[in-house]
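> The structure that follows is given in the form of structure tokens.
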Amino acid sequence: MSTHFKPTGSTYFIVRETAPAACHTLSVLVDNEPGVLARVIGLFIGRAYNIESLTVCETEHEAHLSRITIVTRGTHQVLEQIKSQLERIIPVHRVVDLTMRAVELGHERPIECETVLAKVINRGELRAETMRLADAFGAKVVDATVEHFIFEATGRPTKIEQFISTIGPLGLVEVCHTGIVAMNRGPQGM
């Protein structure tokens, strides 16, 4: 991280972050109780941090714990600040930067997966082409009539974006993403 000090009229120097912002996936283990998600999101809103993807679900039913997966972008300093502030929220048990953990384990990124529903309206020859392309991406038909298909596709976010851009010209009218869920490789848990 390269920073430099810039003298100001103040007694203190201002440290300016010159490192590029990077996309990171954070996993946050929290109590499954009302208001926790609002408190976590409020932290991002209050500091003008953007959330690119957000998923949450109870993962440990007996302990009533939920796992929130947040994809955000920031410099190293901003990401450390986000993690530190998340850890101070009372119902938060653990915060793990899955992107940094993947690098520590010798991997480029954690395993990331997303599900999408895509509605395509078309007729005639375009239907056969739509089915062929959906099959090539491993998408399943979850609803169909003579006028439309609704496909479900699951995979890495890049694969999902490629699927959407490929079927777009064939009559794509609606898309719904779940958001990214992520986990690191190897035998270690969160």
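> Scan the range 140-150 and give yes if some residue there is crowded, with 18+ Cβ neighbours inside 10 Å, among the basic types (Lys, Arg), outside any helix (DSSP H, G or I) and at pLDDT 95 or above, otherwise no.
No, every residue in the range 140-150 fails to be crowded, with 18+ Cβ neighbours inside 10 Å, among the basic types (Lys, Arg), outside any helix (DSSP H, G or I) and at pLDDT 95 or above.
> Restricting to the range 128-143, name every residue that is in contact (Cβ under 8 Å) with a residue 24 or more places away in the chain and more than 27 Å from the chain's Cα centre (by Cα).
Glu129, Thr130
> Just to be sure before I move on: is Thr115 closer than 29 Å to Cys23 by Cα and polar (S, T, N, Q) in the structure I sent?
Yes.
> Can you tell me which residue among Leu133, Leu79, Leu105 is among the aliphatic types (A, V, I, L, M) and touching a strand residue (DSSP E or B) at 6+ places or on another chain (Cβ under 6 Å)?
Among Leu133, Leu79, Leu105, only Leu79 is among the aliphatic types (A, V, I, L, M) and touching a strand residue (DSSP E or B) at 6+ places or on another chain (Cβ under 6 Å).
> Filter the range 151-174 for residues that are hydrophobic (A, V, I, L, M, F, W, C) and either touching a Leu at 6+ places or on another chain (Cβ under 6 Å) or surrounded by 14 or more Cβ atoms within 10 Å (Cβ to Cβ) (or both); which is nearest to Leu54 (Cα to Cα)?
Among residues in the range 151-174 that are hydrophobic (A, V, I, L, M, F, W, C) and either touching a Leu at 6+ places or on another chain (Cβ under 6 Å) or surrounded by 14 or more Cβ atoms within 10 Å (Cβ to Cβ) (or both), the one nearest to Leu54 (Cα to Cα) is Ile160.
> Moving on. Quick one: in the range 90-127, which of the residues that are among the charged types (D, E, K, R) and loosely packed, with under 13 Cβ neighbours inside 10 Å is farthest from Leu37 (Cα to Cα)?
Out of the qualifying residues, it is Glu125.
> Quick test of your reading of the structure: Leu126 fulfils all but one of (1) within 27 Å of Ser27 (Cβ to Cβ); (2) in contact with a Gly (Cβ under 8 Å, 6 or more places away or on another chain). Name the failing condition by number.
Exception for Leu126: condition (1).
> Taking strands (runs of 3 or more DSSP E) that do not extend beyond the range 14-123, which have at least 3 residues that are farther than 27 Å from Lys159 by Cα, outside the structural domain of Ile167 (by TED's automatic domain parsing) and at pLDDT below 90?
Passing ranges, in order: 14-17.
> Right, here's the next one. For the range 26-73, what are the residues that are buried (at least 16 other Cβ atoms within 10 Å of the Cβ), of a type in the set (S, T, N, Q) and within 17 Å of the chain's Cα centre (by Cα)?
Ser27, Ser53, Thr55, Ser66, Thr69, Thr72
> Another question, if that's okay. How many residues are part of a loop (DSSP other than H, G, I, E, B) and either modelled with pLDDT of 85 or more or hydroxyl-bearing (Ser, Thr, Tyr) (or both) when one looks only at the range 1-13?
Number of matching residues: 5.
> (1) more than 29 Å from Glu80 (Cα to Cα); (2) touching a Phe, Trp or Tyr at 6+ places or on another chain (Cβ under 8 Å): which one isn't true of Phe149, the others all being true?
Here Phe149 clears every test but (2).
> Keeping to the range 176-188, report how many residues are under 19 Å from the mean Cα position of the chain (by Cα) and either free of Cβ contacts under 8 Å to residues at least 24 places away in the same chain or exposed (fewer than 14 other Cβ atoms within 10 Å of the Cβ) (or both).
Count: 2.
Residues checked against (1) part of a strand (DSSP E or B); (2) under 23 Å from Val56 (Cβ atoms); (3) of a type in the set (S, T, N, Q); (4) modelled with pLDDT of 95 or more:
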| residue | (1), (2), (3), (4) |
| --- | --- |
| Glu152 | yes, yes, no, yes |
| Phe163 | no, no, no, yes |
| Glu174 | yes, no, no, yes |
| Gly179 | no, yes, no, no |
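> In addition: Out of curiosity, is Gly179 under 21 Å from Ala22 (Cα atoms) and touching a Ser or Thr at 6+ places or on another chain (Cβ under 9 Å)?
yes
The values are calculated or read from the model by the stated rules, or taken from the named source; none is laboratory data. Please read these numbers as outputs of a predicted model, since none were measured by experiment. Here Cβ is always computed from backbone atoms with ideal geometry, including for glycine, and neighbour counts include all displayed protein chains.
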